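Taking it in order: structure first as structure tokens, then the write-up.
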Amino acid sequence: MWDMDAARAALPVVLSGFGVTLLATVLGFAVAVVAGLGVALLQRSGVRWIALPVGALAAFVRSTPVLVQLFAAWVLVPGLDALTLGVLVLGLHYATYLSEVYRAGIDAVPKGQWEACTALSLPRRRVWRAVILPQAVRKVLPSLGNYAISMFKETPFLSVVTVDEMVREASTFGSTHFAYLESFTLAAAVFLLASWPTSLLVRRMEARLAH
């Protein structure tokens, strides 16, 4: 049965864990955005001895569960801070997905844009920085938003490397106060209140960019 006193006691604990969850999501997604773009550009470099190994490594990371990657990193890099480890693993895991998103965005840039840059003899770096990437990123913003929400909902996996994120805090409170119902219900409510409005914003962005 629902215990209001237990719920009131659990709320600060759950919100404290939410802070860690939010931090892990923001930092992890920043890693994913930068690393994913790097992977996409390396795969398009045209240099086979770079593109092929990078593509194979990305495919391997994308095809293995993030939970297994967290365990492996925890064993192989034992001295690293748990939150830092979790952020890096989560970020690099999602970078492999974002690389495909970026690649789709780059492929969607009209061929005429490339031809115009060639006709103007623009330096390659300027072509990417000033012409191609701004258009490609704009096209894939909704997809990036969806992956950010997905990462947010997968942060509970970080508990396996002892990161005190929201679900771990809810579980600890539930075991010490025998109030699993209250603590996990509050954690679920926080996840819903944080992710649902964000998904609506992403959907609205997608609709605006479609016009």
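For region 146-178, a tally of residues being farther than 19 Å from Asp81 by Cβ, part of a helix (DSSP H, G or I) and not aliphatic (A, V, I, L, M) returns 13. Of all residues in region 136-171, those being crowded, with 20+ Cβ neighbours inside 10 Å, out of contact with any Asp or Glu (no Cβ under 8 Å at 6 or more places or on another chain) and without any contact (Cβ under 8 Å) to a residue 24 or more places away in the chain number 0. Scanning region 27-62 for residues that are within 20 Å of Lys153 (Cβ to Cβ), free of Cβ contacts under 8 Å to residues at least 40 places away in the same chain and open to solvent by 50 Å² or more (accessible area, probe 1.4 Å) returns a single hit, Arg62.
Within the group Val68, Val131, which residue is among the β-branched types (Val, Ile, Thr), loosely packed, with under 12 Cβ neighbours inside 10 Å, outside any loop (DSSP other than H, G, I, E, B) and without any contact (Cβ under 8 Å) to a residue 24 or more places away in the chain? Selected residue: Val68, the only one of Val68, Val131 that is among the β-branched types (Val, Ile, Thr), loosely packed, with under 12 Cβ neighbours inside 10 Å, outside any loop (DSSP other than H, G, I, E, B) and without any contact (Cβ under 8 Å) to a residue 24 or more places away in the chain.
Scanning region 5-24 for residues that are in contact with a helix residue (DSSP H, G or I) (Cβ under 7 Å, 6 or more places away or on another chain), open to solvent by less than 70 Å² (accessible area, probe 1.4 Å) and under 21 Å from Val101 (Cα atoms) turns up nothing.
Taken as a whole, the condition of being in contact with a Gly (Cβ under 6 Å, 6 or more places away or on another chain) and open to solvent by 20 Å² or more (accessible area, probe 1.4 Å) applies to Tyr180.
Restricting to region 5-61, give me the number of residues that are in a helix (DSSP H, G or I) and either small (Gly, Ala, Ser) or in contact with a His (Cβ under 8 Å, 6 or more places away or on another chain) (or both). Spell out how you get there, then give the answer.
We begin by selecting, within region 5-61, every residue in a helix (DSSP H, G or I); these are 5-43, 48-61.
Adding the requirement that they be either small (Gly, Ala, Ser) or in contact with a His (Cβ under 8 Å, 6 or more places away or on another chain) (or both) leaves 6-7, 9-10, 16-17, 19, 24, 28, 30, 32, 35-36, 38, 40, 51, 55-56, 58-59, 61.
Final tally of qualifying residues: 21.
A search for C-beta distances below 7 Å between a residue of region 81-108 that is modelled with pLDDT of 95 or more and any residue that is surrounded by fewer than 19 Cβ atoms within 10 Å (Cβ to Cβ) and among the basic types (Lys, Arg), counting only pairs 6+ apart in sequence or on different chains, returns Thr96/Arg62; Tyr97/Arg62. Checking Val61, Val33, Val75, Val68 one by one, the residue that is among the β-branched types (Val, Ile, Thr) and in contact with a Ser or Thr (Cβ under 6 Å, 6 or more places away or on another chain) is Val61 and no other. For region 198-211, filtering for residues that are open to solvent by 60 Å² or more (accessible area, probe 1.4 Å) and part of a helix (DSSP H, G or I) leaves 8. Here Val109 passes the criteria (1) assigned to a helix (DSSP H, G or I); (2) surrounded by 14 or more Cβ atoms within 10 Å (Cβ to Cβ) except the one numbered (1).
Just to be sure, is Ser143 under 25 Å from the mean Cα position of the chain (by Cα) and modelled with pLDDT of 95 or more? It is false that Ser143 is under 25 Å from the mean Cα position of the chain (by Cα) and modelled with pLDDT of 95 or more.
The values are calculated or read from the model by the stated rules, or taken from the named source; none is laboratory data. Quick caveat, the model's predicted, so the values are computed rather than measured. Counting neighbours? That spans all protein chains shown, and the Cβs are built from the backbone with ideal geometry, glycine included. The protein model used for the area step is the full one, side chains on, heavy atoms only, and it has no ligands, DNA or RNA in it. Shrake-Rupley method; radii C 1.70, N 1.55, O 1.52, S 1.80 Å.
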